[in-house]
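Participant: Questions regarding the structure given below will be posed in turn.
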Amino acid sequence: MQTKLAQIGITEDSTGATTSPIYTATAYEHKGLGKSTGYDYTRTKNPTRSNFEEAFAALENGTATFAASSGMAAIQLVCTLFKPGDEVLVSFDLYGGTFRLFDFYESQYNIKFKYVSFADLDEVNAHINDSTKAFFIEPITNPSMIEVPLAPLYTMAKNNDIMTVLDNTFLTPYYYRPLEDNADAVVHSATKYIGGHNDVLAGVVTVNDKTLSDKLNEHHNMIGATLSPFDSYLLLRGLKTLHVRMDRVTENALALAEHFESHPAVQEVLYSGRTGMMSLRLTEEYDVGALLENIEVCTFAESLGGTETFITFPFTQTHADMPDEEKIKRGIDDKLIRLSVGLEDPEDIKNDLNKALKKAKKI
């Protein structure tokens, strides 16, 4: 995997270029009727996007990847596979933007999204009926960082002819490749760890099945939320260091999780033990707003997966559009912060948070 990532995107270009060229052309010349180079119009297919899609599909051990203009566009592409009356079982604890999109599809198109704890197989089984068409699973939930046991879910899905869709944004292909375990579709917000530098907005869907691939290809082209050539290039560039970055952020997150387990300001550390994603729940004696106003090394921002340590306040940021009662059910309260641990010296991150927490203590 490390060698694949380090050399990803190298093509047999006639110039000998060692990075993927960026083809900005929107249209491609035909030499005659029925004579196409394979590229006609860039929404349908673009050489730079194709280079990324083919390389990413190989990383996932899939047959086809579809690069979309955002992570939400990637999830919306998956939603086009469902029709009115279909039901989808969804991770109870998941990204707020996904909740918002599913709520829209339910209200506008009568596609039912039922929220279940995938860690409770009895609960999942109880919700399966003839209309259940898919499981939509976050293997590590956002922001509670609950790791879901996937093997029994794959078995349950196959036995009931249910499609499995995994949002693998937190884990990336470096830590987990769901298609190797017979998942049907894998979604990433490539804005995050795949791009890795907080400078590109993108999403991907990867599949193995040809029938599924053909449907997604048709819908992707028809809708037109395809990834630009330059952004495709940025994802290839980001992937070259994915393994190095994931190793480092995991090492840093482990150190922070250990540090805060016994910290007087922290009621609960939520961390799966993999990736740089973790959440902290502060005690009542500490004010989240004051903490966020006093950090200097870390950055208060609404994203994840970059080189810098970002702190997000899910209650008013990532899950803002989720009703308060739904947030509280999921443990998303005004004491919870989510950290995307970056590549800084871990001692600098610790010291920054310790200093900010001292100023955040209520008098």
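Participant: ³J(HN,Hα) across region 291-299 via Karplus (A = 6.51, B = -1.76, C = 1.60, θ = phi - 60°), whole Hz, x for Gly/Pro?
Facilitator: For region 291-299, the Karplus-derived couplings read 4, 5, 7, 10, 6, 10, 7, 6, 10 Hz, x marking Gly and Pro.
Participant: Give me a comma-separated list of calculated 3J(HN,Hα) values for region 210-215, in order, Karplus coefficients 6.51, -1.76, 1.60 applied at θ = phi - 60°, integers in Hz, x for any Gly or Pro.
Facilitator: 5, 4, 5, 4, 5, 5
Participant: For helix 229-239, report the angle its Cα long axis makes with the longest principal axis of the Cα atoms of the chain; keep it between 0 and 90° and round to the nearest 10°.
Facilitator: With both axes taken from Cα atoms, the answer is about 50 degrees.
Participant: Net charge around Lys45, counting only other residues with Cβ within less than 14 Å of its Cβ (Lys, Arg = +1; Asp, Glu = -1)?
Facilitator: Counting the neighbours of Lys45, the net charge comes to -2.
Participant: Further question: Taking only Cα atoms and a 10 Å spring cutoff, compute GNM fluctuations for the chain and point out the largest among Pro314, Pro143, Pro264.
Facilitator: Maximum fluctuation in the GNM of the chain, among the listed residues, is at Pro264.
Participant: Any idea what angle helix 346-360 forms with the longest principal axis of the chain, computed on alpha-carbon atoms, 0 to 90 degrees, nearest 10?
Facilitator: 50 degrees
Participant: A further question on this structure: I need the phi-derived Karplus couplings for region 69-74: 6.51 cos²θ - 1.76 cosθ + 1.60, θ = phi - 60°, integer Hz, Gly and Pro marked x.
Facilitator: Along region 69-74, the couplings run 6, 6, x, 5, 5, 5 Hz.
Participant: Let me ask you something else. For the chain, max minus min Cα coordinate along each principal axis, in Å, sorted largest first?
Facilitator: Result, largest extent first: 79, 53, 32 Å.
Participant: Taking amide hydrogens as modeled 1.01 Å from N in the peptide plane, which residues meet the under 5 Å criterion relative to Thr132, leaving out close sequence neighbours?
Facilitator: Correct list: Glu87.
Participant: Check each of the trypsin sites (Lys or Arg not before Pro) in region 278-363 and keep only those in coil by DSSP with at most 15 other C-beta atoms within 10 angstrom; list them in order.
Facilitator: For trypsin sites (Lys or Arg not before Pro) across region 278-363 that sit outside H, G, I, E and B with at most 15 neighbouring Cβ atoms in 10 Å, the list reads Lys362.
Participant: Considering only the chain, what is the antiparallel percent among its DSSP beta bridges, to the nearest 5?
Facilitator: If we restrict to bridges inside the chain, about 60 percent are antiparallel.
Participant: What is the dipole size for region 243-360, taken about its Cα centre, with +1 at each Lys and Arg Cβ and -1 at each Asp and Glu Cβ, in debye to the nearest 20?
Facilitator: The dipole magnitude comes to about 200 debye.
Participant: For Thr164, list long-range residues whose amide hydrogen, built 1.01 Å from N in the peptide plane, is under 5 Å from its own amide hydrogen.
Facilitator: When sequence neighbours closer than 5 places are left aside, the close amide H contacts are Phe135, Asp184, Ala185.
Participant: Could I ask something else about it? What number comes out for the charge environment of Gly195, summing +1 per Lys or Arg and -1 per Asp or Glu over other residues with Cβ under 9 Å away?
Facilitator: 0
Participant: Let me ask you something else. Of Lys133/Lys329; Lys83/Lys329; Lys327/Lys355; Lys83/Lys210, which pairs sit farther than 23 Å apart, going by alpha carbon to alpha carbon?
Facilitator: Over 23 Å Cα-Cα: Lys133/Lys329; Lys83/Lys329; Lys327/Lys355.
Participant: Now, a different point. I'd like to know which of Ile295, Met246, Val341 lies farthest towards the positive end of the charge dipole of region 243-360, counting +1 on Cβ of Lys and Arg and -1 on Cβ of Asp and Glu.
Facilitator: Value computed over the given set: Met246.
Participant: Related question: Compute the helix-to-body angle for 242-260: its Cα long axis versus the longest principal axis of the chain, expressed 0 to 90° and rounded to tens.
Facilitator: Roughly 20 degrees between the two axes.
Participant: What GluC sites (Glu not before Pro) in region 236-282 are in a loop by DSSP, with at most 16 other Cβ atoms within 10 Å of the Cβ?
Facilitator: Taking region 236-282 and a limit of 16 other Cβ atoms within 10 Å, the loop GluC sites (Glu not before Pro) found are Glu261.
Participant: About the Cα centre, and with charges only on the beta carbon of Lys, Arg (+1) and Asp, Glu (-1), how big is the dipole of the chain? Nearest 20 debye, please.
Facilitator: Result for the chain is approximately 740 debye, rounded to the nearest 20.
Participant: Further, regarding this structure: Taking amide hydrogens as modeled 1.01 Å from N in the peptide plane, which residues meet the under 5 Å criterion relative to Gln267, leaving out close sequence neighbours?
Facilitator: Arg281, Leu282, Thr283
Participant: So, one more: Rounded to the nearest 500 deg cm²/dmol, what is the calculated helix-only ellipticity per residue at 222 nm for the chain, with -39500 (n - 2.57) per DSSP H run of length n ≥ 4?
Facilitator: Result for the chain: -11000 deg cm²/dmol, rounded to the nearest 500.
Participant: Trypsin sites (Lys or Arg not before Pro) within region 19-120: which are DSSP loop residues with at most 10 other Cβ atoms inside 10 Å?
Facilitator: Loop-located and lightly packed - Lys31.
Participant: Let a ≥ b ≥ c be the square roots of the eigenvalues of the Cα gyration tensor of region 1-93; is it rounded (a/c under 1.5), or, if not, prolate (a/b larger than b/c) or oblate?
Facilitator: oblate
Coordinate-derived values only; no laboratory data. Quick caveat, the model's predicted, so the values are computed rather than measured. Cβ coordinates were reconstructed from backbone atoms using ideal geometry, including for glycine residues, and neighbour counts include every protein chain displayed.
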